[in-house]
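Everything on this sheet refers to the single structure shown next.
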Amino acid sequence: MGISKKSVTAEAAINALNRGQRIFIGSGAAEPQLLVKALTQRGNDLVDTEIVHLLTLGAAPYADPEFKHIFRHNALFVGANVRAAVADGRADYTPIFLSEIPRLFRSKRLHLDAALIQVSLPDAHGYCSYGVSVDVVKSAAESAEIVIAEVNPNMPRTLGDSFIHISQIDYLVENDAPLLESIPAEPDEVSLKIGQNVARLIDNGSTLQVGIGSIPNAVLKSLGNKRNLGIHTEMFSDGIIELIESGVINGTKKTLLAGKIVSSFCFGSQRLYEYIDNNPVFEFRPVEFTNNPFTIARNEKMVAINTALEVDLTGQICSDSIGYKFFSGIGGQVDFIRGAAHSREGKPVIALRSTVKNNTVSLIVPHLKEGAGVVTTRGDVHYVVTEYGIADLWGKNARERALALISIAHPKFREELLNEAKKRRLVYDDQILLSQSVYPENLEKQTTTKDGTPICYRPVRPTDEPLMKDMFYSLSTKSILQRFFLIVKAMPHSKLQKLVNVDYENQMCIVGIIQNGEQERMVAVGHYIRDPATGMAEVAFLVHDSFQNKGIGSFLFKYMMDIARQRGIRGFTADVLADNRPMQTVFHKSGCEMKTSFSDEVYHFELQFIKKESSYLT
């Protein structure tokens, strides 16, 4: 269907607008640049005009100081191009969940006199695609009194609930111009480490929400070994193309719109725009669908990945302001955090750098800055990820949360954070400083017991104190006696915290963890302490009664032997009660050069390592 009957110049179209109106401008890369230019040029005739939009990639001349008495901007999400205007009070910010903006328009609570949008060429049936931005543009166009559309042959024809008929457009302005691009920067080393940590939370068959930026790009780069991933997101960029072409993203396991990449908008490079054009893999929907938490939750194994500006020690997430200064917006973070939380096996994730400004400012803080807004509440937060690890906060008390977050903070800030936590009575007064060392995730190892039970062997974490406590109080008297050489009736925090805080070098503790759904159970503990005078390490092991005779003790000993050898330790020393035959057998079968002595019903072992390549650390 031709467009000539409604085709006018940009100046003629803008002449249809009057003073005192509220005008919506299209989002992201779909910002109608020619119309924005014409609107600004006619500025003196449009006094008291309010401009409304989400994030846009292009210039925002209407927010310049020279137009402060003509245009008043109302940001539903504060982008870089209007941030100074909002900070100076020349523009407004409306905090709102992205999923609720369409209702704001349709209900006329925020009445739109006009919508300036950009669309594709009409097809043979007269339908134009909203292209790269369906998001809130669709509801704005369907709610506005006047619709002025910039028609661009470079706008890709995206499929889904993404069309407007030419009869619903009042004025058409032709403009053959390239779309605005946002080329994703290559993630740096810190972002890549965060991405790798997030990837550890993503199981095969998961459906992902990912955004744009250094950390989302790093997450995508860390997914090459995953299988059958799906996408249900509010937006995406170039990073998903490689994963689609390699088959990592195929949507076959999605429980909602299987095989489809569901999104409301995108921006990136010209390659991305060409890739999505008329591509039936992509399903573009408005945000009242993509961001509806109940819709999101229909995707099983939904993993929502969002970022933050700072996180306090109780898990409050600030992501829209730096103190009193509005920086961005609520956007879709809460929509997806809540949607993923209600998904079967879903995981809401907040990922951020531990510091900014060359490691001089910690983003894990004792309390949010004065004036900072809480976007994701401490009740909504589940996982927080930095380059130093993963803090699982859901269902944890304030003390456990504080310790978990301190453990993934930058080491140079951990002592300060712990002292602040003590001042606020968030942690025990005698809480020792958490390890300043980086958690050695490379020592995590998945295997199975003799009877086929999956078990994870990993270095102990400071947050493992509750698991170790539960294990101790479920042990038999015999097991306690064999481990401690006396009947220990209590294992208080003062003792436990010393067992779970190690430096991973001179002190090492490897635990065996059995996973039952979301419940973790500690069933084995191996611990050594290096003696710097001899180069040897004193070692001790404990296997829960219910898991003895399954090969756990043997594996744990050999694994710790490999770890110790790698760290330059010459061998182990150990004391074993005479009636602890299983542990003695483990030592006798170790392959080490062994010396033993016996006194007072206790065997003393000296086990010298034989130099060889490790068979457990590979």
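The values are calculated or read from the model by the stated rules, or taken from the named source; none is laboratory data. For clarity, every value in this text was computed on a predicted model and none was experimentally measured. Don't worry about glycine lacking a Cβ; one is built from the backbone with ideal geometry, like all the others, and counts go over all protein chains shown. Please note that ligands, DNA and RNA were not included when accessible areas were found on the heavy atoms of the full protein model with its side chains. Shrake-Rupley method; radii C 1.70, N 1.55, O 1.52, S 1.80 Å.
Brief remarks on what is shown
- Global form of the range 67-143, assessed from the alpha-carbon gyration tensor, a/c cut-off 1.5: prolate
- Where F265, F105, F484, F294 fall by accessible area, highest first, once all protein chains stay in place (1.4 Å): F294, F484, F265, F105
- Here the relative contact order of the chain, from alpha carbon pairs under 8 Å that lie six or more residues apart, stands at 8 percent.
- Over all directions, the projected convex hull of the C-alpha atoms in the range 445-589 averages 8.8 nm² in area.
- Charge context of T453, other residues only, Cβ under 13 angstrom, K/R +1, D/E -1: +2
- Measuring r between the beta carbons of K445 and E601 and using R0 = 41 Å, the FRET efficiency lands at 0.75.
- With a cut-off of 14 Å between beta carbons, the residues surrounding L220 carry a summed charge of -2, where Lys and Arg count +1 and Asp and Glu -1.
- Under 14 Å from a label point set 7 Å out along the Cα-to-Cβ vector of N359, the amide N atoms of the range 376-391 belong to 387-388.
- Cα-based reach from K37 at 17 Å (exclusive), listing lysines while leaving out same-chain residues under 8 positions away: K68
- Counting Lys and Arg as +1 and Asp and Glu as -1 over every other residue whose Cβ lies under 14 Å from the Cβ of V78, the net charge comes to 0.
- For G160, distant residues with modelled amide H under 5 Å away: F284
- The aspartates and glutamates within cross-link reach of K138, meaning a Cα-to-Cα straight distance under 16 Å and a gap of 8 or more places when in the same chain, are E31, E100, D113, E150, D161, D170, E234, E283, E288.
- ³J(HN,Hα), Karplus 6.51/-1.76/1.60, whole Hz, each residue of the range 580-586, x for Gly, Pro: 8, 4, x, 5, 4, 4, 4
- The distance from the alpha carbon centre of the range 567-601 to that of the range 189-203 is 40 Å, rounded to a whole number.
- MRE, 222 nm, helices only [DSSP H, n ≥ 4, -39500 (n - 2.57), over the chain, to nearest 500]: -6500 deg cm²/dmol
- Each residue of the range 190-197 was assigned a 3J(HN,Hα) from its phi angle through the Karplus expression (A = 6.51, B = -1.76, C = 1.60, θ = phi - 60°), giving 5, 4, 5, 5, 4, x, 5, 5 Hz with x at Gly and Pro.
- Loop-resident trypsin sites (Lys or Arg not before Pro) (DSSP state other than H, G, I, E or B) in the range 470-541 with no more than 16 further Cβ atoms inside 10 Å of their Cβ: K489.
- With the cut-off at under 16 Å, measuring from each backbone N in the range 36-51 to a point 7 Å along the Cα-to-Cβ line of T94 picks out 49-51.
- The computed semi-axes √(5λ) of the Cα gyration tensor in Å for the structure shown corresponds, within (1) 35, 32, 25; (2) 38, 26, 24; (3) 59, 25, 18, to (3).
- Rounded D (µm²/s) - the range 257-415, Kirkwood Rh over Cα pairs, Stokes-Einstein at 10 °C, 1.306 mPa s: 94 µm²/s
- Loop-resident trypsin sites (Lys or Arg not before Pro) (DSSP state other than H, G, I, E or B) in the range 390-427 with no more than 10 further Cβ atoms inside 10 Å of their Cβ: R425.
- Listed residue pairs exceeding 26 Å between alpha carbons, taken from K325/K423; K226/K445; K347/K450: K325/K423; K347/K450
- With Cα atoms defining each centre, the range 469-504 and the range 47-98 are spaced 60 Å apart in the structure.
- Sites listed here are GluC sites (Glu not before Pro) in the range 73-181 whose DSSP assignment is loop and whose Cβ has at most 13 other Cβ atoms within 10 Å: E145.
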